[in-house]
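Right, one structure below, let's go through it.
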2 protein chains.
Amino acid sequence: MSMINFRFCAPTRYIFGVDAQLGVGEAIASLGKRRVLLHYGGQSAQKSGLLGEVTGKLKEAGLDVVELGGVQPNPRDTLIDEGIAICRERDVDFILAVGGGSVIDSAKAIAIGVPYEGDFWDFYTGQAAPSAALPVGVVLTLPATGSEGSSRSVVTKEEGLLKRRCASDLIRPAIAWLNPTLTYTLPPYQTACGATDILSHVIERYFTPTEGVSLTDRLCEAVMLDVIQNAPIALAQPTDYDARANLMWAGTLAHNDVVGLGRMGDWGSHSIEHELSALYDVAHGAGLAVILPAWMRYQLDCDVMRFAQFAVRVWGCEMDFRNPKRTAIEGIDRMEAWFRSIGMPTTFAEIGAKEEDIPLLASKVDMDDAKGLGFFRPLSRKDIEAVYRLACNRDRDVC
Amino acid sequence: MSMINFRFCAPTRYIFGVDAQLGVGEAIASLGKRRVLLHYGGQSAQKSGLLGEVTGKLKEAGLDVVELGGVQPNPRDTLIDEGIAICRERDVDFILAVGGGSVIDSAKAIAIGVPYEGDFWDFYTGQAAPSAALPVGVVLTLPATGSEGSSRSVVTKEEGLLKRRCASDLIRPAIAWLNPTLTYTLPPYQTACGATDILSHVIERYFTPTEGVSLTDRLCEAVMLDVIQNAPIALAQPTDYDARANLMWAGTLAHNDVVGLGRMGDWGSHSIEHELSALYDVAHGAGLAVILPAWMRYQLDCDVMRFAQFAVRVWGCEMDFRNPKRTAIEGIDRMEAWFRSIGMPTTFAEIGAKEEDIPLLASKVDMDDAKGLGFFRPLSRKDIEAVYRLACNRDRDVC
């Protein structure tokens, strides 16, 4: 299958660099907007003074500000409903998310919920598609999900803890202020989880059944190589501007789809990980570090040469021309070692997951059983159990 | 100097793939537009049937169509003035360029000229900045200039043959239809000139004085590697879809600035080449193939390690750790050999340029003598003469 026809429009206005967020008020006012919902999470943005600073700039520009904080990791429908009600009542015309992926995804849900007569959840179950949205702005504090430039949003229904996603170009943020210095104070674990998430967004696109996509292969490799280089620097020296800046921009490019155009991504690992996050309350990035090596080992034989390319171009392995599979495995080994080097778990035991839960985990994965999970090589529930089992055992070489 | 703060917004809607252009009418009508100026060049679009097909689709969608053909390479102000007059008279609300860079750049000039009371040329001399523009659409027939996604336009004033550029986000095309199969019938020389132009847009950004821009370095390398791989395939097998598709998309990414964000580009080679095109009527891409190796050899000592990185990562040279300069030179040699392999000239003699014209050429280069030309290492007119001289001699090794 040759390169796939595609449509692409990524109109987000990026304002990147030191003090970027100081222009929030002016920029929103220049769009002709008047009433802003300031959406955020917990205390860190408050404590750091960022929230106060942003509020000040909004008010200086003559904007009305309504605050809605308290977004949790895995943002909940209940707070989104509250946000929609506030926006309608106060006639809000711009939503400003200050935070990471959860805050942004919550803001996106509010943005499409406000002009919609039904329940916003319809957009997440696929029962309806958004046809209008309030504009969303983002002051990013955590490079990870890429939501600041993406057309995606993932939210959780409190009842039953159902996690569902919505994709629409209407929810690409209108403006994103990216100031790398805001990430200097991130805890190392969050920096590492973020880097893993960024890498995973590229990996999901890299392992494709589509042939003839050499340019996007190269672009994927470019982003991966840079994350692999800069994440350890950011961990060793949290105030290294260039490491933080490259990592932040990599997070955006990894998921605004410029590295995935014209090719089918896989996305199986994300679904498989999701059940770990749900059952054990483990961070998404950490769960991915456990699942990705296992998924790769399980899928290896389906396209050894693609894994060898990954090993050589991304992980600097020497190609074994007599035994490409050995090279392919070495690449996965190096990736797993890299995850460990940045403090990520790579086994069930490290995240408190249990082997006996595997049938339950596999049964819960959200998939169409007839089609299988993922597009690289679709997996059955039996395959998914096997992937979990590979993630469970330390000695997981499948050769 | 660390990564530079940047602002970036690239809202062009891309419709990429087989038969992409069939949707022109519907897409323009859906924007609420009614009267289209169909702008094109010479006979090739007419002969191939493309122009008729596009016109048919526009009319099917109920759009009024006014035609203005005859755009020349190095598009002229006189035709642009004519286009502006037509648009005003006929109340045109959308300009559709069918062709390559010249047609697109001409369309962009018309687009900013229509709502402006003064002479559109003011935008190209820097005397005024555009504040409004008609939307421009593009059906691309030649991957080269990247104008289908860029914020730039270069046009020529007939009187005195002054070639000047304008840069504004207002002239980024609204929609670009990119159908790689339309490039199957390009003459090999045009394909090669286009590939060289694409490569040059990345090279101008790659050779930067900015430090700490590892991600954009990698992205530049990704695009260059892919052009180097696919251009020879497209030449050997003109109907190879994937080669044509990757080359076409590389042309867009090379110049919409995604590979140049946060870094200072050089752009000296473009100005030095421009005088060759002007004096000897040589194609821009061919002139670049002559100038780039010479510019590199002249600039080599200013940052040997950057040239070595270029040699190793882009041209696959083995790093000589004892003598990085040898590696750096090998990279330039390989680039020059690659240009020759795709049928490009690399010396003055091959394009009919004369050594005795060098003082004249150097004196004409459009530059601020106080600042020098380019940003990697600014060149004086004496330096520029030396670059021309290196392009003149076959035996041009400067070591």
Within the range A:111-130, tally of residues that are closer than 16 Å to A:Ile84 by Cβ and out of contact with any strand residue (DSSP E or B) (no Cβ under 6 Å at 6 or more places or on another chain): 13
Condition check for A:Gln43: polar (S, T, N, Q), touching a residue at least 12 places away in the same chain (Cβ under 8 Å) and away from chain B (no Cβ under 14 Å): no
Residues of the range B:136-189 satisfying the condition of being touching a residue at least 40 places away in the same chain (Cβ under 8 Å), of a type in the set (Gly, Ala, Ser) and either in a loop (DSSP other than H, G, I, E, B) or under 18 Å from B:Trp267 (Cβ atoms) (or both): B:Ala144, B:Gly146, B:Ser147, B:Gly149, B:Ser150, B:Ser151, B:Ser153, B:Ser168, B:Ala174
Search result, residues across the range B:88-118 that are assigned to a helix (DSSP H, G or I) and over 26 Å from the mean Cα position of the chain (by Cα): B:Arg88, B:Glu89, B:Arg90
Residues of the range B:237-283 satisfying the condition of being small (Gly, Ala, Ser) and part of a loop (DSSP other than H, G, I, E, B): B:Ala254, B:Gly260, B:Gly262, B:Gly265, B:Ala283
Residue match in the range A:299-315 (condition: crowded, with 19+ Cβ neighbours inside 10 Å, in contact with a strand residue (DSSP E or B) (Cβ under 9 Å, 6 or more places away or on another chain) and either within 30 Å of A:Thr191 (Cα to Cα) or of a type in the set (A, V, I, L, M) (or both)): yes
Check on B:Ala286, more than 14 Å from every other protein chain (Cβ to nearest Cβ), farther than 22 Å from B:Met367 by Cβ and either crowded, with 22+ Cβ neighbours inside 10 Å or modelled with pLDDT of 95 or more (or both): yes
Residues being of a type in the set (Ser, Thr, Tyr), within 11 Å of chain B (Cβ to nearest Cβ) and assigned to a loop (DSSP other than H, G, I, E, B) - total across the range A:192-228: 1
Residue identified as among the charged types (D, E, K, R), more than 17 Å from the chain's Cα centre (by Cα), within 14 Å of chain A (Cβ to nearest Cβ) and assigned to a helix (DSSP H, G or I) among B:Arg313, B:Arg334: B:Arg313
Which numbered condition B:Leu279 misses (of (1) in contact with a Gly (Cβ under 8 Å, 6 or more places away or on another chain); (2) modelled with pLDDT under 95): (1)
Only one of B:Ile351, B:Ile342, B:Ile329, B:Ile384 that is crowded, with 19+ Cβ neighbours inside 10 Å and over 27 Å from B:Val227 (Cα atoms): B:Ile384
Answer residue from the range B:1-18, given it is part of a loop (DSSP other than H, G, I, E, B) and of a type in the set (S, T, N, Q) and is nearest to the other protein chains (Cβ to nearest Cβ) among those: B:Asn5
Residue in the range A:88-105 that is closer than 29 Å to A:Tyr280 by Cβ, of a type in the set (Phe, Trp, Tyr) and surrounded by 20 or more Cβ atoms within 10 Å (Cβ to Cβ) present: no
Residue within the range A:19-26 that is assigned to a loop (DSSP other than H, G, I, E, B) and more than 14 Å from chain B (Cβ to nearest Cβ) present: no
Subset of the range B:230-280 (residues that are within 14 Å of chain A (Cβ to nearest Cβ), more than 19 Å from B:Pro11 (Cα to Cα) and without any contact (Cβ under 8 Å) to a residue 60 or more places away in the chain): B:Asn230, B:Ile233, B:Ala234, B:Gln237, B:Thr239, B:Asp240, B:Asp242, B:Ala243, B:Asn246
Residue list for the range B:27-65, restricted to those being at pLDDT below 95, small (Gly, Ala, Ser), surrounded by fewer than 22 Cβ atoms within 10 Å (Cβ to Cβ) and not in a loop (DSSP other than H, G, I, E, B): B:Ser44
A:Arg13, sole failed condition from (1) of a type in the set (D, E, K, R); (2) farther than 30 Å from A:Gly260 by Cβ; (3) surrounded by 15 or more Cβ atoms within 10 Å (Cβ to Cβ): (2)
Options B:Val258, B:Val202: the member that is over 17 Å from B:Leu373 (Cβ atoms), touching a Cys at 6+ places or on another chain (Cβ under 6 Å) and either modelled with pLDDT of 95 or more or not β-branched (Val, Ile, Thr) (or both): B:Val202
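If you check B:Ala133 against the conditions, is it within 16 Å of B:Pro73 (Cβ to Cβ), outside any strand (DSSP E or B) and either touching a Leu at 6+ places or on another chain (Cβ under 8 Å) or in contact (Cβ under 8 Å) with a residue 60 or more places away in the chain (or both)?
Taking the combined requirement at face value, the residue does not satisfy it.
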Residue that is under 23 Å from A:Arg152 (Cα atoms) and in contact (Cβ under 8 Å) with a residue 24 or more places away in the chain, where the choices are A:Leu63, A:Leu68, A:Leu58, A:Leu31: A:Leu68
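The values are calculated or read from the model by the stated rules, or taken from the named source; none is laboratory data. No experiment lies behind these values; they were computed from the predicted model shown. Cβ coordinates were reconstructed from backbone atoms using ideal geometry, including for glycine residues, and neighbour counts include every protein chain displayed.
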